[in-house]
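A.B. asks: The structure that follows is given in the form of structure tokens.
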Amino acid sequence: MLSRGPGSARGAVTRARPRRGDSEGHLRDSTLPRPSERVVINVSGLRFVSTLQTLERYPDTLLGDPRRRRWYHDPSRNEFFFDRHRPSFEAILQFYQTGGELKCPQEVPSDVFVAEMEFYDLGEEMIKAFREEMGMELPMSDDIPPPEDEMLLKVWRLFKDPSSSYLAKLVTVTSVLMIIMSVLVTCMETVPDVQTWVHTYTYRNGTNGTLVRLPATRNPFFVAETIYVAWFTLELVLGFLACSDRVRYSKDYMNILDLVGIILYFVDLGIELSTVNSGGNIDRVVSALWTARLIRILRVVKLTRYSVDMQLFWKAMTNSLPAMVLFTFTTMVLMVVFSGVVFFWESEYPDTKFTSIPDTFWWAIITMINIGYGDHIPRTLVGKVVASIATIAGIVSLCLGIPEFMECYIQLYEAARYSAKRQARRKYGMMSKFGMLGGNKSGFSRRRRDGKFTLII
């Protein structure tokens, strides 16, 4: 590629040729601008020609910095040699020629082009803008920022940043085990044989004794839940005291879930202590609280805090929410329509199982999602035709939400994978000879504010 320098785009004077009658001394004393020095850039065997004046428009970059550029100079051929991706370099050179416009070639993958941008050090801000446009940058996290106080910061990192220390990793592992064991205990309590063993009544003094309830201290599940609640309470209180924004911390749904579980535990504890030797009405209160205590099963949602993949899943659900709402609304409309048609045609059939339209909703849903348990089967010809149409309509309605969700998830997954690779490169010191790739950002920040460079996708 041959570049004529700034004059090609901005109307400046191009290289001037001396006239025949001009002497060498006259040229030396002339006020005309000196001709720009041409440079040859060899990228894996493909040569590009430009000028130093064009490259030095951006002195913070690899090609614009003479000190860094000379490491790649081949004096035998009087050219700069780079063993890099050739199709990407045409766009890189165009960045200098056009005054900051950058466009990724269609045939070049985004991650390859970003690697070339990093190698030629086009600036962290420019690279970040490109990653955001191409979906390679994770969205900004809405986590609460760490506190500024040194002591509170240590406590905050202990519970929120497992990579800060080995003790923080131990705390994170303990929290995960507590959540898993708490959910398992709640699930095991619902097993009928376990309920019979734990919540049984025994007689004292033979058959004529008094009916008593098993004390809480002898209930292994209640003791285990006491340990878990003590840990969750400690975690919740220390997190509240150490956080920098207590209002946002209080509004976090995971913290609200923890608080509700802790309150229900202490309510249950008060009832247990007041009914050690009692039965009857208080036991009915305990049974009524049984459903409320099952909210503890929702603690499993807290595991998403420690799983990047689950966080990406919920983020993809949030990003694709309009498509999910459209899918839900369409499914509900089709469910009502098919349920009504099938009910009115099947209600006259002897021994029909379609007793009402709401009862037919179950058949419509399992038919539209192509499960079909076979517990409700249409008998009439019209009912069978409607069932076939419902099956096809269900497949079409699934296409309204799932593709967009998958696209959002794949985009976030690729962004997370690329971010992890970048962090690994920084962690293990994969840098150029002149420091970490990304270089000085001040020059590009100034040019961007002046509107002198543009990212074109």
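Throughout, read-outs are computed from the coordinates displayed, never taken from laboratory work. Computed from a predicted model, the values in this text were never measured in an experiment. We place every Cβ from the backbone using ideal geometry, glycine too, and count neighbours over all the protein chains shown.
A.B. asks: Filter 103/251; 103/169; 315/384; 128/160; 154/302 down to the pairs with a C-alpha to C-alpha distance above 32 Å, please.
C.D. replies: 103/251; 103/169; 315/384
A.B. asks: Roughly speaking, what is the stretch gain from residue 84 to residue 223, that is 0.36 nm per residue apart minus the C-alpha to C-alpha distance, in nm to one decimal?
C.D. replies: Gain in length upon complete extension: 43.6 nm.
A.B. asks: Starting from the Cα of residue 398, step 7 Å along the direction of its Cβ; do the same at residue 70; then give the gap between the two resulting points in nm.
C.D. replies: The two pseudo-label positions are separated by 6.6 nm.
A.B. asks: Here is a further query. Once you have a ≥ b ≥ c as the square roots of the Cα gyration tensor eigenvalues for the stretch 381-426, tell me rounded if a/c is under 1.5, and otherwise prolate or oblate according to whether a/b is larger than b/c.
C.D. replies: It comes out prolate by the Cα gyration axes.
A.B. asks: Determine the gain in length on full extension of the stretch residue 181-residue 252; use 0.36 nm per residue of separation and subtract their C-alpha separation, reporting nm with one decimal.
C.D. replies: 23.3 nm
A.B. asks: 7 Å from Cα along Cα→Cβ at both residue 303 and residue 77: what's the point-to-point distance in nm?
C.D. replies: 5.7 nm
A.B. asks: Here's another thing I want to ask about it. Output wanted: per-residue J couplings in Hz (rounded whole) for the stretch 334-343, from phi through Karplus 6.51 cos²θ - 1.76 cosθ + 1.60, θ = phi - 60°, x for Gly and Pro.
C.D. replies: Running phi through 6.51 cos²θ - 1.76 cosθ + 1.60 with θ = phi - 60° gives 5, 4, 5, 5, 5, 5, x, 5, 5, 4 Hz.
A.B. asks: A follow-up question, please. I need the shape label for the stretch 321-407. Rule: rounded when a/c is under 1.5, else prolate if a/b > b/c, else oblate, with a, b, c from the alpha carbon gyration tensor.
C.D. replies: Note, shape of the stretch 321-407 comes out prolate.
A.B. asks: Continuing with the same structure: Fully extended, how many nm does the chain gain between residue 259 and residue 423 (0.36 nm per residue separation, minus their Cα-Cα distance)?
C.D. replies: 55.5 nm
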